[in-house]
Amino acid sequence: LYSLDLARWVETGAIGPVETLFEPAYRVSIAGIARTRDRLFVSLMDNVRGKVVVCERMDGNWSLKPVALPENGNVGISHAEQFGSSVSFSFTDFLTPSSIIWSDDNGETLATVKSQPARFDASPLISEQFEARSKDGTMIPYFVVRRRDQKGPVPTLLYGYGGFEVPLLPGYAGVRGKLWLEKGNAYVQACIRGGGEFGPAWHQAALKGNRQNGFDDFAAVAQDVVKRGIATASSLGIQGGSNGGLLTGVSLTQHPELFGAVIIEVPLLDMLRYAELPPGASWMAEYGDPSKPEDAKWLSAYSPYQHVDAAAAYPPVLLTTSTADDRVHPGHARKMAARLQEAGHARTLFFEETEGGHGGRGDRRPQAAQTAMKYVFLQRALTAKA
């Protein structure tokens, strides 16, 4: 973000001098800017956490200071009064519903003026951020939401995605809070490579033949959660859908010892034939082309369907799909469930919705029933082992 004297430019035609007001760093990027009459506000994404800095120019120099917004959340600048001093921010995090925070004095004093209703009691809970060291030494950020007074390991749900440059940001989830966190359980969200948390390079680090990096990142987060005493391996459940279903499917077959329960939703699982199932061929830029021997080599190294082991001690597994899914063919989940059951893994459950698509049915009642089913599955699988 650069600064120059516009009046001088208009009068003289000379652009300079140009000052650097803010320079992005490896894990810090500019998300947006807005100005009031006397201040410039810059919203940042700083290690997957939203922040805002206010910039003021005095005596020919810029000063920057942070706006005192809550940490570990998702922040945006909602408005800035260009001929006044009012500014407002949007904010949400794992414990705070989407809210508008208002200031009439350029961010000096802040007040929440509007908020969506709270869906669970967040008062005993805390949101924290940690990092885990992946297999190749890369530090992987992740968030933990749990009771502030947690004394020992509790049933914990670890969620991940890691694909298509999609970032996992802090966000409020009332159902998760009501059905999981209020029961004293913990939630973990992993920002693994393959996603978009740190731009294209973070995505490309787990693209095609580098996909194993993302799987290693997820395993490293799981191990770090156990190391910190948040969960034990047997009280740690994982969940992911679509590309995240591939992630949890790989986690099951590569590291069954790290988890006490696995939810695999609308997944890709047979990576040697995914391009034959519509619309799989459209994702070859992400995963590779299994018809090419060099691509098939890395795909076959991790493809979960080909790595089901009858001798492995797998934790309980719940696979879900939809008959009407036109994004990821239901054959992936059907085949995986059948192979697990045929291999003698009796704790494999399979659920197929007959209506709706990749995102499920639009009717809230079956949505609620399916969500409850997943949390009951996790509670039963993990509670006795915490």
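The values are calculated or read from the model by the stated rules, or taken from the named source; none is laboratory data. These numbers were taken from a predicted model, which means no experiment stands behind them. Note that we place each Cβ from the backbone using ideal geometry, even for glycine, and neighbour counts take in every protein chain shown.
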statement: Picked from the stretch 331-385 (must be assigned to a helix (DSSP H, G or I) and among the charged types (D, E, K, R)), the residue nearest to the chain's Cα centre (by Cα) is Lys374
task: Take the residues in the stretch 1-25 that are outside any loop (DSSP other than H, G, I, E, B) and of a type in the set (Asp, Glu), then tell me which one is nearest to Pro141 (Cα to Cα).
output: Glu19
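Quick check on my filter: what residues within the stretch 106-121 are of a type in the set (A, V, I, L, M, F, W, C) and assigned to a strand (DSSP E or B)?
Of the residues in the stretch 106-121, the ones of a type in the set (A, V, I, L, M, F, W, C) are 110-111, 113, 118, 120.
Matches in the stretch 106-121: Ala111, Val113.
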task: Residue by residue through the stretch 160-188, note down the ones that are within 17 Å of the chain's Cα centre (by Cα), surrounded by fewer than 23 Cβ atoms within 10 Å (Cβ to Cβ), in contact (Cβ under 8 Å) with a residue 24 or more places away in the chain and not in a loop (DSSP other than H, G, I, E, B).
output: Gly174, Val175, Gly177, Tyr187
- request: Among what's in the stretch 42-64 and is surrounded by fewer than 12 Cβ atoms within 10 Å (Cβ to Cβ) and not small (Gly, Ala, Ser), pick the residue that is farthest from Phe198 (Cα to Cα).
  value: Asp59
message: For the stretch 134-153: of the residues being in contact with a strand residue (DSSP E or B) (Cβ under 7 Å, 6 or more places away or on another chain) and of a type in the set (Lys, Arg), which is surrounded by the fewest Cβ atoms within 10 Å (Cβ to Cβ)?
response: Arg148
- prompt: Which condition does Ala111 not pass, out of (1) crowded, with 21+ Cβ neighbours inside 10 Å; (2) farther than 20 Å from Gly195 by Cα, if it passes all the others?
  reply: (1)
query: What residue, of Gly362, Gly344, is exposed (fewer than 13 other Cβ atoms within 10 Å of the Cβ) and without any contact (Cβ under 8 Å) to a residue 24 or more places away in the chain?
result: Gly362
message: So, restricting to strands (runs of 3 or more DSSP E) that lie completely within the stretch 26-105, which ones have at least 3 residues that are outside the structural domain of Gly177 (by TED's automatic domain parsing) and of a type in the set (Ser, Thr, Tyr)?
response: 87-92
- prompt: Yes or no: Asp105 touching a Ser or Thr at 6+ places or on another chain (Cβ under 9 Å) and surrounded by fewer than 17 Cβ atoms within 10 Å (Cβ to Cβ)?
  reply: yes
- request: Select from the stretch 280-310 the residues that are in contact with a Leu (Cβ under 7 Å, 6 or more places away or on another chain) and of a type in the set (A, V, I, L, M, F, W, C) and write down the one among them that is farthest from Ser251 (Cα to Cα).
  value: Ala296
Residue in the stretch 1-41 that is modelled with the highest pLDDT, counting only those that are of a type in the set (Asp, Glu) and farther than 30 Å from Gly199 by Cα: Asp38
field: Pair list, Cβ under 7 Å, 6 or more apart: the stretch 127-138 residue over 13 Å from Gly214 (Cα atoms), other residue crowded, with 16+ Cβ neighbours inside 10 Å and of a type in the set (Val, Ile, Thr)
entry: Ser127/Val145; Glu128/Val144; Phe130/Val144; Glu131/Ile140
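Would you confirm whether or not the stretch 202-211 contains a residue that is out of contact with any helix residue (DSSP H, G or I) (no Cβ under 7 Å at 6 or more places or on another chain), part of a loop (DSSP other than H, G, I, E, B) and at pLDDT 95 or above?
no
Looking only at the stretch 8-39, count every residue that is among the aliphatic types (A, V, I, L, M) and farther than 22 Å from Gly107 by Cβ and tell me the total.
5
Any residue at all in the stretch 334-357 that's under 27 Å from Leu181 (Cβ atoms) and among the acidic types (Asp, Glu)?
For the stretch 334-357, residues under 27 Å from Leu181 (Cβ atoms) and among the acidic types (Asp, Glu): present.
Results for (1) surrounded by fewer than 20 Cβ atoms within 10 Å (Cβ to Cβ); (2) touching a residue at least 40 places away in the same chain (Cβ under 8 Å); (3) farther than 25 Å from Arg327 by Cβ, shown as yes or no for each residue.
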site	(1), (2), (3)
Gly209	yes, yes, no
Gln223	yes, yes, yes
Leu236	no, yes, yes
Gly240	no, yes, no
Thr248	no, yes, no
Phe259	no, yes, yes
Ile263	no, yes, no
Asp289	yes, no, no
Pro293	yes, no, yes
- prompt: Assuming Met271 fulfils every condition listed in (1) touching a residue at least 40 places away in the same chain (Cβ under 8 Å); (2) crowded, with 24+ Cβ neighbours inside 10 Å apart from one, which condition is it?
  reply: (1)
